[in-house]
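Comments concern the structure below.
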Amino acid sequence: MSDIAIEIRGFSQYFGQVRKINGLDLDVRRHEILGIIGPARSGKSTFLCALNRLNDLVRGSRHEGAIVVEGRDIYAPDVDVVELRRRLGMVFATPVPLPRSIYENVAFGARRAGVRRRDELDAIVRDSLEKGGLWEEVLDRLESSGQKLSGGQQQRLCLARILAVKPEFILLDEPTSGLDPISTMKIEESLRRLKKDYTIILVTNNTKQAARVADRTAFFLNGGLVEVGPTAKIFTAPDDRRTDDYLRGRFG
Amino acid sequence: MAGPKKAGAGNRLERNDRLIRLALLVVAFSAVSVLLVITVFIVGQGTPIMFRYGFKSFLAGSDWYPSEKLFGLWPMIVGSLFVTAGALAIGVPFGLSCAIVLTEFASKRVRGLIKPVIELLAGIPSVVYGFMGVVILVPFIRRTFGGPGLSVLAASIILGVMILPTVISISVDALQAVPPSYREGSIALGATRWQTVKMVLFPAARSGIIASIILGMGRAVGETMATIMIAGNAAEIPRSLLAPVRTLTSNVALEMGYATGEHREALFATGVVLFVIIMVLNTIANATSAKRRKAP
């Protein structure tokens, strides 16, 4: 078994006439945190939404090329999209707790997957909240609304909610863009801990965040990959001048 | 020199502001006062007779023979409740399903076609609904199920259709007001469209959906013309869905034209009962929706 979990080959994504991703080639390795950086409109978020086929929901969405997850093309006709989205859990930039209790937010996915027994659900909720680094803060108020938590707590709730459905991959779309530094730090700690069990793709506008947590970093520009490599190399000695310019704040 | 001038302008603006605020207050209050006038008038005209004959004989009495001074409203109260419950049993499931299809599953083109048609449904005069009932539905029920045809069932079906536009358009608004991020979040968790509707959209839009049902209920309780035409109007407690029935509103509308003296007062008393029923229904519905909103 190779250590490549996701292969992206010549992948392009169109919305109507607009091409958001252009001939992307990229590998994602198992149990790594792959950081994706790049200016706005470089196709980072579109790339994440291609991986779990959330782009399908957009009218006029169309793609070329292939994305192969654990040996299977996810755009093959016999792929169960709902199952795919469970395997690739996604955390959005804006935390969106469902309008229900903390407990129900986390139990949502498990219930959907058919878990009915209360003790099993309890165990899943606790385990997921612990992994998401939120358990200590909410253990005495699991029945209060998920929407009453602070922004950082909400984001960790969303992370825990993903973990409850036992995904293989975690996709994060600028998960800390609206958070204070301490909440950001807590999320990053959780990610480092989660790395040994999950493969994580982290899209971030904060290049320092990629430098802090990513094993490898990819630099996107105008819907294409400029370069990808070990984070230390990208940040100290990138091969491409555009990467260097972006990291030094010369454009973008 | 500039100082006092400015202050003068400020005072004038402030005075205008006060005047406008006062004018708006008067306008707003006049709307409320209409309700007040109606309440005082109906209660003033309707309650004396209730006191004279006793509340019990009025509300629980099952005989309505105004010429013999028997004013029992119980058959009409039961009639209104039956017909309203029937209308909700038909209109709410249809209306909510339709709202879900329109917001979640229909393509833009289908939605653009269906929504205006449903809104048109609200603009059809109730006498037309009644006419359709008399000409098509009543004979159909008579032929298929027996009985006079003019019945609880006929009234429930027609009223169920009449409340559809209310239920649908308000539920659609409520469902569309749910932030798209809830949908995305749920779908990204591996939920299907239907699970998303059931577990996320419904809870999120609950208060709006309950409001749509309350308003539909109000319309069904208050509808007069269509019920008169198709419910049969017999002032008896209906024994089955196929029996004719008279609602509170029908009672007033049918007899007000010729009623005098105590009979007339008794019709006002009918109005009082109708008023109270609607108030109670609204309060119950509001209370449940508020309680649910408070829960997680």
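The values are calculated or read from the model by the stated rules, or taken from the named source; none is laboratory data. The model shown is predicted, which means the values in this text are computed figures rather than measured ones. Ideal geometry is used to build each Cβ from the backbone, glycine not excepted, and the neighbour counts take in all protein chains shown. The protein model used for the area step is the full one, side chains on, heavy atoms only, and it has no ligands, DNA or RNA in it. Shrake-Rupley method; radii C 1.70, N 1.55, O 1.52, S 1.80 Å.
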Q) When we measure straight from the Cα of B:Lys115, which aspartates and glutamates land under 18 angstrom away, once same-chain ones fewer than 8 places off are left out? A) B:Glu104, B:Asp173
Q: Quick one: of A:Lys148/B:Lys198; A:Lys44/A:Lys195; A:Lys196/B:Lys198; A:Lys131/B:Lys198; A:Lys148/A:Lys196; A:Lys44/A:Lys208, which pairs are farther than 25 Å apart, Cα to Cα?
A: A:Lys196/B:Lys198; A:Lys131/B:Lys198; A:Lys148/A:Lys196
Q: Once you have a ≥ b ≥ c as the square roots of the Cα gyration tensor eigenvalues for the range B:1-126, tell me rounded if a/c is under 1.5, and otherwise prolate or oblate according to whether a/b is larger than b/c.
A: oblate
Q: Once you've got the GNM for chain B with C-alpha springs shorter than 10 Å, pick whichever of B:Thr39, B:Thr192, B:Thr84 has the biggest mean-square fluctuation.
A: B:Thr192
**Q.** Contour excess over end-to-end distance, with Cα ends at B:Arg111 and B:Trp194 and 0.36 nm allotted per residue
**A.** 28.0 nm
(Q) Suppose accessible area is computed on protein heavy atoms with a 1.4 Å probe; arrange A:His31, B:His263 from highest to lowest. (A) A:His31, B:His263
(Q) I need the helices of chain B that pass two filters: whole DSSP H segments spanning 15 Å or more by Cα along the axis, and mean Kyte-Doolittle score no lower than 1.0. (A) B:74-100, B:152-176, B:206-222
Q. For the pair B:Phe140 and A:Val79, how long in nm is the line joining their label points, each one 7 Å along Cα→Cβ?
A. 4.8
Q: Please work out the Cα center distance from the range B:51-103 to the range A:51-77, rounded to the nearest Å.
A: 56
Q: Select from B:Glu223, B:Glu236, B:Glu68 the residue whose mean-square fluctuation is largest in a Gaussian network model of chain B (Cα-Cα springs shorter than 10 Å).
A: B:Glu68
Q.
Using alpha carbons only, how many angstrom separate the centre of the range A:183-201 from the centre of the range B:249-271?
A. 74
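Classify chain B from the C-alpha gyration tensor, please: rounded if a/c falls under 1.5, else prolate or oblate depending on whether a/b exceeds b/c. Walk me through the intermediate numbers first.
Numbers: a/c = 2.26, a/b = 1.18, b/c = 1.92.
Oblate, since a/c reaches 1.5 and b/c is not below a/b.
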Q. What dipole magnitude, in Debye to the nearest 20, does chain A give about its Cα centre under +1 on Lys/Arg Cβ and -1 on Asp/Glu Cβ?
A. 440
Q | Among beta bridges that DSSP assigns inside the protein assembly as shown, antiparallel share in %, nearest 5 | A | 60
Q: Please calculate the 1.4 Å probe accessible area of B:Thr260, with all protein chains present, and give it to the nearest 10 Å².
A: 100
Q: Would you work out if the range A:109-238 is rounded, prolate or oblate? Take a ≥ b ≥ c from the square roots of the eigenvalues of the alpha-carbon gyration tensor; rounded if a/c is under 1.5, else prolate when a/b is larger than b/c, oblate otherwise.
A: prolate
